[in-house]
1. So which residues in segment 313-355 are open to solvent by 20 Å² or more (accessible area, probe 1.4 Å), without any contact (Cβ under 8 Å) to a residue 40 or more places away in the chain and in contact with a Phe, Trp or Tyr (Cβ under 8 Å, 6 or more places away or on another chain)?
2. Does A291 qualify as being open to solvent by 60 Å² or more (accessible area, probe 1.4 Å) and modelled with pLDDT under 95?
3. How many residues are in contact (Cβ under 8 Å) with a residue 40 or more places away in the chain and more than 14 Å from A232 (Cβ to Cβ) when one looks only at segment 366-388?
4. When you check R229 against the structure, is it within 18 Å of C324 (Cα to Cα), touching a helix residue (DSSP H, G or I) at 6+ places or on another chain (Cβ under 6 Å) and not hydrophobic (A, V, I, L, M, F, W, C), yes or no?
5. From A255, A260, A301, A264, grab the single residue that is surrounded by fewer than 20 Cβ atoms within 10 Å (Cβ to Cβ), touching a helix residue (DSSP H, G or I) at 6+ places or on another chain (Cβ under 8 Å) and at pLDDT 95 or above.
6. So for segment 197-220 (the condition being open to solvent by 40 Å² or more (accessible area, probe 1.4 Å), among the polar types (S, T, N, Q), free of Cβ contacts under 8 Å to residues at least 40 places away in the same chain and within 30 Å of A264 (Cβ to Cβ)), does at least one residue qualify?
7. Residue check: is L159 among the aliphatic types (A, V, I, L, M), in a loop (DSSP other than H, G, I, E, B) and either within 19 Å of the chain's Cα centre (by Cα) or over 20 Å from S25 (Cα atoms) (or both)?
Amino acid sequence: MPLNVVVVCDYASALGGAEKVAIDSSRGLAEAGLKVHYIAGLGPVDAALIHPNITVHLGDVQDLKHKSGADLILSGLWAARCARMAAQVLAGLPRGNTVIHVHSWQRALTAAVLRACQRSAHPLVMTLHEYGSACPNQGFYDYQRHQICTRKALGAACLATHCDTRTYAHKLWRASRTALQRVAAGMPAEVREVIFISELSRSVLAPYFRPETRWHAVRNPIPLTQAPRVAAQANRDFLFVGRVSTEKGAELFAAAAARAGVSAAVAGDGPQLPALRSAYPGLNFLGWLDAAGVQRAMHSARALVFPSLWYETLGMSVQEALACGVPVIVADRTAARESVVAGENGVLFAHHDVADLAARLGELAKDDAAIARMGAAAYERYWADPPTLERHVQALQGVYRKCVAAGVTT
């Protein structure tokens, strides 16, 4: 009998990285013969979820970003209707042949759905796509001071600190939501099976889980097709790809490129874009690009720069650059550092340090031989063991089998 996998995710469309992984893996699992029940708070339903082995269940709640006042405060804390829907789905699936896989829950489903999952008879595994299982603002990042936060989540110092993108009142609401998921849904202490995608995210989050938690390393699938290696040494532009915002390091990149006097391009949109266009007219601002556009930008890049000011959990653009044979320049406190063998396929620079990044840019702007050598190594290392959807699905099935065999029910 095929295994039943209940995928829990806020959205049924790929609005972010977690949703993209949830949808792609659901499709891969279905094509491998597993029965997938996809529980989401909001549609529309992505075309990839249209498959005979996939059943989509929508809670039809309203996105939190469209709510305000008491409606936001209450329904954003506890989506009872979604919880009832999830409980009904779970009650109809056989014990011993069903596993629950949680990807995201804080934007539409809320901890109410987690509680329904835990009350079911089925084992549960969770992928840590970000830091919301512990941190109220989901990133261990202080948006007011623009720096990584090392305070204990929900500790006295955390609660006393305004670190939110909006107001301190909104921070306290987020803290209430996190406290509720701890008390009413046992998150994260009661979760026994966890999938992590970087050692950095594991080290940051491990203190919030119990010692007996089992940690499974499963790489996110990256849907890339191998193509000829880019001759990066023939290109001039250092490239930034991502949301043009402070926490992503867009301004840091622009300032470093200007200081180094190198050719640079920014692919992306975000709140800082107008100000950066005005302050750095010498940079090439490409705006938002679709996947094909990003690939074209990569093929014109000398190196990709990943200057993020917060931890991250992976760094998708770094993987895409390495797959093209484009060297990477990565901040040394981000999870993306785990993809860099310094001096071999890229270089690291001191986190949040404009001068150090400018120095790295200046050096590599003049060294075609180093760019060629690192680009070749990047390409060879990536394609020697690519994180394909097929490998991702195989790894997931291994985790599911362990969960079912252990009979773990959080």
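The values are calculated or read from the model by the stated rules, or taken from the named source; none is laboratory data. Predicted model, so just to flag it, every value in this text is computed and none were measured. Cβ: placed from backbone, ideal geometry, glycine included. Neighbour counts: every protein chain shown. For the accessible areas, the whole protein counts, side chains as well, though only heavy atoms, and no ligand, DNA or RNA atoms are used. Shrake-Rupley method; radii C 1.70, N 1.55, O 1.52, S 1.80 Å.
1. Across segment 313-355, the qualifying residue is only D332.
2. yes
3. 5
4. Yes: the conditions hold for R229.
5. A255
6. No.
7. In short, no.
To keep it simple, each residue is scored yes or no on (1) without any contact (Cβ under 8 Å) to a residue 24 or more places away in the chain; (2) open to solvent by 40 Å² or more (accessible area, probe 1.4 Å); (3) among the small types (G, A, S).
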site	(1), (2), (3)
V125	no, no, no
H129	no, no, no
A134	no, no, yes
N137	no, no, no
F140	no, no, no
A156	yes, yes, yes
A160	yes, yes, yes
Y168	yes, yes, no
